[in-house]
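Each remark here refers to the structure printed beneath this line.
Please treat every number below as a calculation from the coordinates, not as lab data. This is a predicted model, so every value here is computed, not measured. For neighbour counting, all protein chains shown are included, and Cβ atoms are generated from backbone atoms with ideal geometry for every residue, glycine included.
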Amino acid sequence: MFQTIIFAYDGSAKCQDALEEGIVLAGRFNARCYLLAIIPPPPVMALADGPLPGEYVEDQQSRAHAILEAGLARLRQAGVEATGILKTDESPVEAIGAVAHETGADLVVVGHHRRSALDRWWRGSVGHSLLDRLPCSLLVSMPGGMAKMADAIRAQHVS
């Protein structure tokens, strides 16, 4: 069913939960997996003062590499082989959509970050925006979803 899965991963607890749910699916379908970390463009306000210091860029790259390596290590620990992809200076929606098209993904897995209606209106929603851009299915992992999935899998094995 799902032969190619992309995990959009920022290292947050929400994305760690989504990774755990995706690991179950990847193992079940023996899927080819990609772990995607994104270094977004700098905030507009930061650019208003002129060029960013070199340390800012290096810090962002270091942080993203560490997040990517930690996610890949978790996947390997679970027995799932994955290719790491680091995208720079793209919005998450653009980067995830591009990688989904490039890899021929069947599924993209993202974590849900709960925010207020005002914040969601102001900054937008990655999950909502992806619905119109992806060539594949989208799994938005909800908090506590892993526990529900584990219960469902245990129930299947008992039957």
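Count the net charge of all other residues whose Cβ sits under 10 Å from the Cβ of A82, scoring Lys and Arg as +1 and Asp and Glu as -1.
Numbers: positive: R32, R74, R76; negative: E81.
That sum, taken over residues with Cβ under 10 Å, equals +2.
How much net charge surrounds A98 when only other residues with a Cβ under 11 Å from its Cβ are counted (Lys, Arg +1; Asp, Glu -1)? Local charge sum for A98: -1.
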